[in-house]
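These notes are about the structure you will find just below.
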Amino acid sequence: MKERYEVIKKLYPNYLILFRVKDKIKTINIDKEIIDIFGLNNIKEVNQIILNNLDIESINEYENNRYLIYYTKARLISVLNKYRRAFNE
């Protein structure tokens with residue numbers, strides 16, 4: 001699954017990559033952080049690719065793709081949380 005993610009991410013760098021596994025949605029790497037922080041239902045206007053096994057099940061594209069905004073916010077939040085934990089120890 002990780003290998004497929006890395007190949008698709010190189011082809012579609014500004015897309016949220018989702019895996020459909022047994023009617024559940026799974027994510028990995030930075031896309032997992034974005035989903036964990038903001039929630040899948042709260043993310044609006046982000047290009048998405050849904051993979052089912054080796055097939056691309058669907059591609060959702062938006063003219064005003066906000067992936068980089070969510071990516072930047074997720075990275076900042078994770079760095080701040082890391083330093084907050086280090087400061088509290």
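Sticking to Cα atoms, compute the Rg of the chain to one decimal and its Dmax as the biggest Cα-Cα distance, whole number, in Å.
Radius of gyration, then largest Cα-Cα span, for the chain: 14.1, 45 Å.
Under 18 Å Cα to Cα from Lys44, which aspartates and glutamates show up? Leave out anything in the same chain fewer than 8 places away.
Asp31, Glu33, Asp36, Glu61, Glu63
Compare the Cα positions of Gly39, Ile50, Ala86 along the charge dipole of the chain (+1 at Cβ of Lys, Arg; -1 at Cβ of Asp, Glu; about the Cα centre) and return the one farthest towards the positive end.
The Cα lying farthest towards the positive end belongs to Ala86.
How far apart, in nm, are the 7 Å Cα→Cβ label points at Asn65 and Lys2?
My value for the distance between the label points is 2.5 nm.
Which of the trypsin sites (Lys or Arg not before Pro) found in segment 1-40 are in a DSSP loop and have at most 16 neighbouring Cβ atoms, other than their own, within 10 Å?
Lys22
Can you give me the angle between helix 67-88 and the longest principal axis of the chain, using Cα atoms only, in degrees from 0 to 90, rounded to the nearest 10?
Roughly 30 degrees between the two axes.
Only the coordinates and a few stated rules stand behind these numbers; no lab work does. Fair warning: this is a prediction, and the values are worked out from it, not measured in the lab. Note: ideal-geometry Cβ built from the backbone for every residue, glycine included; neighbour counts use all protein chains shown.
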